[in-house]
Amino acid sequence: MAKFIARRLLSMIPLMLGISALVFLLMYLAPGDFLSEARNSKDISPEIVKQEEMRLGLDKPWYVQYGRWLNGVSPVKTSLLLPESERGKHSAVYFGAPDFGFSWSYKIPVLELIGQRIFPTLLLALSSTFVIYAVSIPLGVLAAVRRDSAFDKLSAFLAYAALSVPYFFLALLAVLFAAVTGLLPTGGQVSILHDFLSPAAKFGDWIKHLVLPTLVLSLGGIASMMRVMRGTFLDYSRADFVTTARAKGMGENAIMFKHVLRNAINPVVTSFGFAFAGLLSGALLVENVMNYPGLGQLIYAAIIKQDQYVVMAGVVIGCAMLVAGQLIADILLALADPRIRLEREKAPAKGIAVFTACVAAAAALLTWACETFPEFFGIVKTASFWAAMAGAAVLALMLALGLFWAAAFFCKNLLPQTLRSKRGAAALAILAAMYAAAIFAPFLAPYSPTEQCLDKSFHPPTKIFFENGSLRAQCYRQSDPSIAQYEPVEGESLPIKFFVRDEKSDYKIFGLIPFKARLFGVDSPDPDARVYLLGADSTGRDVFSRLLYGARVSLSIGFVGIAITMVLGFLVGGLAGYFGGTFDFAAMRFVEFLMAIPSLYLLLAMRSALAPHFDSAQMYVMIVIILSALGWAGTARVIRGMSLSLANAQYVQAAKAMGESPVKIIIRHFLPNVLSYLIVGATLSIPAYVLGEAALSFLGLGIQEPSASWGLMLAQAQNDTKVLMLGFWWMLTPGAAIFATVLCFNILGDILRDAADPKKD
């Protein structure tokens, strides 16, 4: 055990080096720096700006800046990487305390600043993790034991509801609840009079301020983990060893908790590592909305201000949390499943040291060559481009084959059983209708999503009624513009016509067939006449039209994400669990590297680099592809944990003895046993991408105006105080659409899990 822990901690060194270098490069590639505002100011002379650049080291290339930062962080330092004015103060190689630099924004050392903020975030992450596992495991087990009971159905509905609400929106509702009821504080970590309280009262004050952030941050994790726990528990409850135990007369409780639970808890325990580290990014949204003075809020502000040393410290902490979480998860996994031996992961310390030295030497040599021979940089750039294209082609082929197999398997084996279920048929029909509406949005929407009518700001939904055998739309007039109040005009209405020709429209069906007709509209000579089925937004744009157009982005995102996530996750995780040894060690360290890449920094760099060339929709698709290419690592980690158990199963050993190839064993034996998890994970991932879009829009990284998406519309609704104060409920309809999508996917996932279960009754 001690050797295993030592190897794992030692492997953190190349991980830290790779991640920190990548983040430093991304920040360098992003336009501007900490002095951008000073350069644009007319009150600050260029000479002063130049002096500040030299003082902060911003006039040096990125690798020089990175080398100086790395030299400061390392306990073994060299004077060769110090500024010229300080080189004579130290020997060539010397020892010193780690120094993470100086915060340019806060004017204090970074370590001091981090020390002030890390405790609240760790406290929030630990409390949320405890709540997630303490609640989800027993609820998931109870739901599985009482399958199809009232409790099972109620817990499923509550889980779907929890998964359908974005973090920031839930945090906003929590703040409003606290403000109205006064039961809990609305934000902050402590009250104003905290320093004057007794020790017991101070502890109670901390707890009161921690309750709401913990509940908001843990609610989605509880719902997701509970559904996964229920699914795996049902799988193992029908395994052969359970049947054998029953035949020997073992009690049902002993079977369930001694045998079934120890096996079913495998994916839950495996997910601990990245779940704990992932709470840091989740805390960012919660801390910003609830004004919680944590590390997430600090790092986000540092990214915006480009205070790079604070950002780098956050990267180091995030990597340390990831490695610690993964280490704890592996130890817990070995304790939970006696079949798993940590010694299978063999990677000698000498090998890690040699690998790290080779990577560092290669990076240094490449940097020197690019700096000395500029033409060499062009060669490296061209070679990297074609290598990326080749990798993308191979990935596309793998995804195509995986999707083809999944579609064929679904249509042949799962679709008939899904249609036999009323819930499954209803969920499938609703999703099919949503996707059809998204595809034909230009025809179904009465107006363009960008068409404004400023004199109809926050217009309420139009009343539709029959009169003389025809549909008519009620006319309204604005009675109080200050609060956007409207009242119906007595006796005035407009007829509704179908298949209205729109000369301003230039859309194409399936991108090929030009079409200028819309399904319906009002018959009026007034060009500003409108029919608002779901009201209008602050600029008079039709919410119903924007909802349909937004569905094209929000609903398509999930399939791109799960296609990459599930295929790569299964292949890498399955092979790592099957082969073990050096391959397992190398694959999992690469997985940890991907999981440790801060997606927020990558998103900021990509938006800065590609924003001039891409519109918002194209940019977001690119962002989703990047996130899914990084996100498959978590799935691979869970599949690897499940494969470690399956690798020692009797039927797998029998297949090996019969000479079956590893590929056949993985596809024929591993895949059917992990398929239920993949299905549950896929149905959870699709709405997760939809909710992720809402979070990115809240942070200004997702879809931008004038394009439409459900997340952007919901973010606009919660940012406009009039929506909540004056009760403009129609602005929250994107939330209802998100809820319906999540609900249907989760219902479908449960039914598909039962249909795909090879051990079902």
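Laboratory data are not the source of any read-out in this text; all were calculated from the coordinates shown. It should be emphasised that the depicted structure is a prediction, and the values quoted were computed from it without experimental measurement. In this analysis, Cβ positions are derived from the backbone assuming ideal geometry, glycine residues included, and neighbour counts consider all displayed protein chains.
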Other residues with Cβ under 12 Å from the Cβ of Gln308 give, with Lys and Arg +1 and Asp and Glu -1, a net charge of 0
Share of Cα-Cα pairs in segment 420-483 beyond 17 Å, whole percent, is 67
Once the piece of chain linking Ser470 and Phe498 is laid out straight, how much longer is it, given 0.36 nm per residue of separation minus the C-alpha distance between them? 9.0 nm
Separation of the Ala324 and Arg668 label points, Cα + 7 Å toward Cβ, nm: 4.6
Two pseudo-spin positions, 7 Å from Cα along C-beta at Leu397 and at Ser74, lie apart in nanometres by 4.1
Distance violations [Cα-Cα > 23 Å] among Lys42/Lys305; Lys463/Lys497; Lys153/Lys258: Lys153/Lys258
Taking the alpha-carbon centroid of each part, what is the distance from segment 204-220 to segment 536-552 in angstrom? 35
Going by C-beta contacts inside 10 Å, put Phe203, Phe579, Phe95 in order with the fewest on the left. Phe95, Phe203, Phe579
Which residues among segment 214-248 fall inside the zone where the amide N is under 14 Å from a point 7 Å beyond the Cα of Phe177, along Cα→Cβ? 214-220
Segment 120-306: spread of alpha-carbon positions along the three principal axes, whole Å, largest first, is 64, 39, 30
With 0.36 nm assigned to each residue of separation and the Cα-Cα distance removed, Thr244 to Ala38 gains 66.7 nm
Would you kindly state how much longer the chain becomes between Leu9 and Phe196 on full extension, computed as 0.36 nm times their sequence separation minus their alpha carbon distance, in nm to one decimal? 63.1 nm
Quick one, what does Rg over Rh come out to for segment 31-164 if you take C-alpha atoms and the Kirkwood Rh? 1.28
